[in-house]
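The values are calculated or read from the model by the stated rules, or taken from the named source; none is laboratory data. Not measured: the values here are computed from a predicted model. Here the Cβ is made from the backbone with ideal geometry for all residues, glycine too, and neighbour counts use every protein chain on show. When the accessible area is computed, the model is the full protein with side chains, heavy atoms only, and any ligands, DNA or RNA have been set aside. Shrake-Rupley method; radii C 1.70, N 1.55, O 1.52, S 1.80 Å.
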Amino acid sequence: VKPGTIFADPAVYYLRNVGCLDNTVVHECVHWKLHRKAMMLASYCSKQESVISCSVNELTNEKNPFYWMEKQANAIAPKIQMPREMFKRKAEELIAQKMEQEKTNEFVDVMNSVIDALANFFGVSRVSAKIRMYEIGYEQVLGAYNYANGNYIMPYGFRQHALQWNQTYTIGIEDLLYA
C-alpha cells in the first residue's frame, strides 16, 4: 500500500450517518499532515506501530500516545469541514430565512430546520452541525434534537447559561419513574 492511502469501510456510510465518510477522510488527512512523522518514528521502534488505526480502544487510554492523536484529529476535522466564519455567516442567513418562512421571532421554532440545512450545506452529520452551532455561540441548540424514550422530543428553549454542554432538561420515562 502506498503511503498516504486511506482505507474506509464502505459500510460505515450506511451504518452511521450522512457526512461520516467525508469526516473520516478529513480526519485521516489531519493524521497525515500532523502525525505522519510521529508514526514514522514509532514504526522504527516497533513494527506494530506502522499504521494509525482509528480504533475505539485508542480513545479510552490517555497513556496511549494514539489517544492524543485521535483526540486532535477528532477535534480538528469538523472545524476544517465547517470553518468558523463561513459557518457563522451561513447559520445567520439560514436563521433569518427560516424565521421569515415560519413567520416567527423565536429561534426555538426553527432550530431543527436550521441544523438540518447546515448539515446538508456542509455535508456533515446533524450532530456535527449542532455541535458547531454551540461552539460558535448558539447555546440554545442544546434544546434541539434531544432523544428520549425512542423518539426525538420537541425542541425547547431555556434561559441563557442555564445549561452546559452535555446537559439537558430531558429525561426518559424510566429515569422519571425510578429517580
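Across segment 146-179, what is the number of residues that are over 19 Å from ASP116 (Cβ atoms) and in contact with a Phe, Trp or Tyr (Cβ under 7 Å, 6 or more places away or on another chain)?
So the answer is 3.
Restricting attention to segment 121-144, report how many residues are outside any helix (DSSP H, G or I), in contact with a helix residue (DSSP H, G or I) (Cβ under 6 Å, 6 or more places away or on another chain) and surrounded by fewer than 18 Cβ atoms within 10 Å (Cβ to Cβ).
Residues that pass the stated criteria total 2.
In segment 109-120, what residues are open to solvent by 20 Å² or more (accessible area, probe 1.4 Å), closer than 19 Å to TYR147 by Cα and within 20 Å of the chain's Cα centre (by Cα)? Even if it seems obvious, please write down each step before you answer.
Here is the first cut: in segment 109-120, the residues open to solvent by 20 Å² or more (accessible area, probe 1.4 Å) are 109, 112-113, 116-117, 120.
Then drop every residue that is not closer than 19 Å to TYR147 by Cα, which leaves 109, 112-113, 116.
Hits for segment 109-120 are ASN112, SER113, ASP116.
Just the residues that are open to solvent by 60 Å² or more (accessible area, probe 1.4 Å) and assigned to a loop (DSSP other than H, G, I, E, B), please, taken from segment 145-167. Show your work before the answer.
Of all residues in segment 145-167, those open to solvent by 60 Å² or more (accessible area, probe 1.4 Å) come to 147, 149, 151-152, 154, 159-161, 164-167.
Across segment 145-167, the qualifying residues are ASN149, MET154, ARG159, GLN160, HIS161, GLN164, TRP165, ASN166, GLN167.
Among the residues of segment 68-108, which ones are surrounded by 12 or more Cβ atoms within 10 Å (Cβ to Cβ), within 17 Å of PRO155 (Cβ to Cβ) and without any contact (Cβ under 8 Å) to a residue 12 or more places away in the chain?
MET99, GLU102, THR104
Would you confirm, using the coordinates I've provided, whether SER113 is at pLDDT 90 or above, hydroxyl-bearing (Ser, Thr, Tyr) and part of a helix (DSSP H, G or I)? Full working, then the answer.
Values: at pLDDT 90 or above: yes; hydroxyl-bearing (Ser, Thr, Tyr): yes; part of a helix (DSSP H, G or I): yes.
Yes; evaluated as a whole, the condition is true for this residue.
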